[in-house]
Amino acid sequence: MSAIKKFFENRKLDFKFKKAGGGHKLTDANTAQAACSSENKDVSSPTRSTSNDGTMTTMISDERKSAADAAIARLNLKKEYESRGYVKPARTMKAELLAEKREMEMAVAQASKYQAPAKVTLESPSVVTGVFFTCPMLNIDEPLMKADMEKKIEEYLYSHLLDEPELTSAMMIYTFNRNKDILKTCIETLSKYLNNVLENPNKPNFRQIRKSNKALNEKVLNCKGALEFLQATGFQLKKMKVNEESDEEDEFFHLEVDPDNQDELVEKLRSLLELLQVCEPVTMEVYRDLKIFSPKILASSSNKIEVSEDFFNVTPEELKREMKIREEAIKEMGMLQTKQMRERIKMKELRRYRFTAIRIKFPDNYAIQGTFRVSEKFLEVRHFVLGCLENDSIPFHLSTQVSGKITEDDKTLAELDLAPSSILQFSYDQNVLKDLVSLNLSHVGNSYIKSELLNRIDN
């Protein structure tokens, strides 16, 4: 069973596309009969969300589950799936702006270094060479650069288009079109076409769409995957008369209706309407790129982690322009910042980075490192660390040298100023350690990273 079918099985939604109105290629001469069915098997899905750079969560919402359940009831499925204001003094502001200027200069210098190809030989734990992705939804575990993963996903979807045209084409629409407004318009227009046929089953004009139609071209065919969805619905491109009074012909997308199978067509169109609402894109997950460093390696390297330009949302040129603006602000110190101005600058800072490299140093001077989206919550860092611990039942703290212990797990890494890289200090809860000593179990608190992971130390 393909990963696409598993995706929809996991949402308790099975689309049974009947013989009537089967999908077609534009080059097909005859009507093709398309039928898709699902096996009874539950697949567990990831529960955490992903980020704000065009991808969406892999966990379907309660509303969408309800819509899926409603579709199942309507289709009368034979089988059921298992459920499972302060204004600062000018002197202080000037000092802060000067500090920001120095940071900006460092960022410009750093970003300028990484305009070469992303993949280079890793010579030091101080260098992170790029951001990689996996796609658990399609069982693609090999870490790839973003462009390579996008190509892999596209190849996968196109390879399944003939076998599962309805499901695959809908996923193509959601996956390939990242502009939310354009995507929404496309879905709404396609839904309108299907609703028109359902509400007016005996009116042929609702079953044909002129190829040159402005709305069709600007709202539907400009979206990748929409043409394939129309074909999967059963619309075939053919020459037809413009109207009964004229001999003029033009190309139309036409949906044939077999009077003997009209009920099956209605069932199929209703399923497709539900599909357009509950479908989701194929998403990529950031590959954590777990690295473990020994005390020897760390001692011979810089404490600063340099990252590639993949981690940034801006180019070196844009950083230089921002620095120029800050320099002008320093010269015009007569203008004090209001709270709103400071918040606006802060939001701009948060948007500067896309990813961050987080290194966690342990008391025994070993360290682990992983890559995260800046939009991920700090709780994800805790989960990452927890998965690497020999004793995962002992409470622990993660701290920065500047801010101390981080306790706001629900804040994003950007909000906590942990981008584009940060080094955290690990420590077990001292009260628990005291209890272990009283129980003659002090040795438990002296081990940190899993022994099997220590064999992966970068030398």
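Would you mind finding the one in 219, 239, 268 that is outside any loop (DSSP other than H, G, I, E, B), loosely packed, with under 14 Cβ neighbours inside 10 Å and assigned by TED's automatic domain parsing to the domain that holds residue 141? Steps first, answer last, please.
Working: 219 fails: loosely packed, with under 14 Cβ neighbours inside 10 Å; 268 fails: loosely packed, with under 14 Cβ neighbours inside 10 Å.
Matching residue, one of 219, 239, 268: 239.
If you check 203, 268, 239, 211, which single one turns out to be within 25 Å of residue 180 (Cα to Cα) and of a type in the set (D, E, K, R)? If you could, list the steps in order and put the result at the bottom.
Numbers: 203 fails: within 25 Å of residue 180 (Cα to Cα); 268 fails: within 25 Å of residue 180 (Cα to Cα); 239 fails: within 25 Å of residue 180 (Cα to Cα).
Answer to the check: 211.
Every residue, every condition in (1) outside any helix (DSSP H, G or I); (2) at positive phi; (3) surrounded by 15 or more Cβ atoms within 10 Å (Cβ to Cβ), yes or no:
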residue: 155; (1), (2), (3): no, no, no
residue: 163; (1), (2), (3): yes, no, no
residue: 182; (1), (2), (3): no, no, no
residue: 189; (1), (2), (3): no, no, yes
residue: 197; (1), (2), (3): no, no, yes
residue: 223; (1), (2), (3): yes, no, yes
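The values are calculated or read from the model by the stated rules, or taken from the named source; none is laboratory data. All values reported here derive from a predicted model rather than from experimental measurement. Here the Cβ is made from the backbone with ideal geometry for all residues, glycine too, and neighbour counts use every protein chain on show.
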